Every structure is written in structure tokens, then in C-alpha cells.
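Colleague: Structure in C-alpha cells, see below.
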């Protein structure tokens, strides 16, 4: 068990893009990815984190519970293969550190962060 964040090795933490690519290649168990104390686990969490990473790379810092575009369907595993193929493109662009593609992908309706988000409250 890791007691302090500074004790993380490079392979102890995966970005959304790294986790997505590892999942798609069958190298990881997506059920090991999630938020402790919640029902938020699995491939949906990996999808959501990749989309949030794309937003962050476009200088839009999101909250963990923010959703937009196709994210709800991605979390529910109902978005379909076209969405997963789009996320493949996102992960590849992030891995290749391609700023032009990262900016362009963030303009697509499925991934674009709207000016107004509706947040759930407890």
C-alpha cells in the first residue's frame, strides 16, 4: 500500500489516455479503476477520465463529477463502438503529444465542454 503520493512509482498511476490504451489492448482489468467509496468503477471511469484529461489539456479543469457530451452514455456503457473509436483517437493524440489534434478533438460535439455544466448536488 502506498502511504504518500510522493511514494508513487511511474507505473503506479496511469493517466486517462494510458489507462484507456491499456484497457483496449487487454493489459489491465478495468474493474480495478474507480473511486473508492462509490459505485464509480470500471471501463466507464476510464472513459470519463480520458475525456476529462482531454479537457485539462485544453486548459479546462473539471470536477470529478462533471459530465458533458457523450460522457453519461460512456459511463453507462451505452455510447457504442463509434464513441470508443473516438476515444482511441483521443488517447493516441495525447500519447503522441499532438497539440493540434488535442485542440481539434475538444471541439467535437461528443467531447466539447459546454459553456454551462449542470452539476449534481447531494
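No lab work stands behind these numbers, since they all come straight from the coordinates. The structure displayed is predicted, hence computed values, not measured ones. Don't worry about glycine lacking a Cβ; one is built from the backbone with ideal geometry, like all the others, and counts go over all protein chains shown.
Colleague: Give, in nm to one decimal, the length gained when the segment between residue 56 and residue 84 is fully stretched (0.36 nm per residue of separation minus the Cα-Cα distance).
Modeller: Values: separation 28, 0.36 × 28 = 10.08 nm, distance 1.95 nm.
So the extension gain works out to 8.1 nm.
Colleague: Ranked from highest to lowest mean number of other Cβ atoms within 10 Å per residue, what is the order of the peptides 21-28, 36-43? The partial results should precede the final answer.
Modeller: Working: 21-28: 14.6, 36-43: 11.9.
In descending order of packing, they fall as 21-28, 36-43.
Colleague: Per the helix-only calculation at 222 nm, which mean residue ellipticity applies to the chain, given -39500 (n - 2.57) for every DSSP H run of n ≥ 4 and division by its residues, nearest 500 deg cm²/dmol? Display every interim value, and only then the final one.
Modeller: On the way: 5 runs with 51 residues, N = 122.
Rounded to the nearest 500, it is -12500 deg cm²/dmol.
Colleague: Note down the nm distance, to one decimal, between modelled labels 7 Å out along Cα→Cβ at residue 39 and at residue 73.
Modeller: 2.1 nm
Colleague: Go through (1) 54; (2) 48; (3) 38 and flag the label whose value is the computed percent of Cα pairs over 21 Å apart for this structure.
Modeller: So the structure-derived entry is (3).
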